[in-house]
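A.B. asks: Sharing a structure below in structure tokens format, with a few things to ask.
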Amino acid sequence: MLRCGICGSSRLTPAGQLRTYESQTNRLRLKFPRPRAYKLRPAFDVDFARACLDCGALLPFLSDVDLSRLNEAADSLTGYDT
């Protein structure tokens, strides 16, 4: 059973498309730094989300295709210093 990552509720909406108000083609992207010079930044489209009916948190997630690509690239990803 899926649960909200914020409040732990199991009251989540079905998956819906995640798009900006201005355009149906604009998407959120999960981007990572370049692994090395002259290499493209790994980026993954975040196309779907669920909303928690208790706390209102939005829980975005990747499509199956982008999740597979992320898993393939996972060992070579580096993060931003925060």
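The values are calculated or read from the model by the stated rules, or taken from the named source; none is laboratory data. What you see is a predicted model; the values in this text were computed from it and never measured. For neighbour counting, all protein chains shown are included, and Cβ atoms are generated from backbone atoms with ideal geometry for every residue, glycine included. These accessible areas exclude ligands, DNA and RNA; they are computed on the full protein's heavy atoms, side chains included. Shrake-Rupley method; radii C 1.70, N 1.55, O 1.52, S 1.80 Å.
A.B. asks: Can you name the residue in segment 36-46 that is of a type in the set (D, E, K, R) and part of a loop (DSSP other than H, G, I, E, B) and is also modelled with the highest pLDDT among such residues?
C.D. replies: ARG41
A.B. asks: Of (1) more than 17 Å from VAL65 (Cβ to Cβ); (2) hydrophobic (A, V, I, L, M, F, W, C); (3) modelled with pLDDT under 90, LEU12 satisfies all except one. Which?
C.D. replies: Unmet condition: (3).
A.B. asks: Here's something else I'd like to know. Does segment 47-56 include one or more residues that are of a type outside the set (Gly, Ala, Ser), at pLDDT below 95 and assigned to a loop (DSSP other than H, G, I, E, B)?
C.D. replies: Yes, some residue in segment 47-56 is of a type outside the set (Gly, Ala, Ser), at pLDDT below 95 and assigned to a loop (DSSP other than H, G, I, E, B).
A.B. asks: Taking the condition of being more than 13 Å from LEU58 (Cβ to Cβ) and either surrounded by 12 or more Cβ atoms within 10 Å (Cβ to Cβ) or of a type in the set (D, E, K, R) (or both), how many residues in segment 11-20 meet it?
C.D. replies: Qualifying residue count, segment 11-20: 1.
A.B. asks: Return yes when SER23 is open to solvent by less than 60 Å² (accessible area, probe 1.4 Å), touching an Asp or Glu at 6+ places or on another chain (Cβ under 9 Å) and without any contact (Cβ under 8 Å) to a residue 60 or more places away in the chain and no when it is not.
C.D. replies: Criteria not met by SER23.
A.B. asks: Sticking with this one: Which of (1) more than 19 Å from THR78 (Cα to Cα); (2) open to solvent by 90 Å² or more (accessible area, probe 1.4 Å); (3) free of Cβ contacts under 8 Å to residues at least 24 places away in the same chain does GLY56 not meet, given it meets every other one?
C.D. replies: For GLY56, the failing item is (2).
A.B. asks: Now, a different point. Search segment 1-35 for residues being of a type outside the set (A, V, I, L, M) and in a strand (DSSP E or B), and hand back the single one that is farthest from LEU53 (Cα to Cα).
C.D. replies: Taking segment 1-35 as the starting set, the residues that turn out to be of a type outside the set (A, V, I, L, M) are 3-5, 7-11, 13-14, 16-17, 19-27, 29, 31-35.
Remaining after also requiring in a strand (DSSP E or B): 16-17, 29, 31.
Working: GLY16: 14, GLN17: 17, ARG29: 24, LYS31: 28 Å.
Ranking the candidates gives LYS31 first.
A.B. asks: Give the residue that is nearest to ASP75 (Cα to Cα), with candidates limited to residues of segment 36-51 that are out of contact with any strand residue (DSSP E or B) (no Cβ under 6 Å at 6 or more places or on another chain) and exposed (fewer than 14 other Cβ atoms within 10 Å of the Cβ).
C.D. replies: ARG36
A.B. asks: Looking at LEU67, LEU12 in this structure, which one is closer than 26 Å to MET1 by Cβ and touching a residue at least 24 places away in the same chain (Cβ under 8 Å)?
C.D. replies: Only one candidate qualifies: LEU12.
A.B. asks: If you don't mind, there's one more thing I want to ask. Answer with yes or no whether ALA73 is over 13 Å from the mean Cα position of the chain (by Cα), outside any loop (DSSP other than H, G, I, E, B) and on the phi < 0 side of the Ramachandran plot.
C.D. replies: Judged against the criteria, ALA73 is a match.
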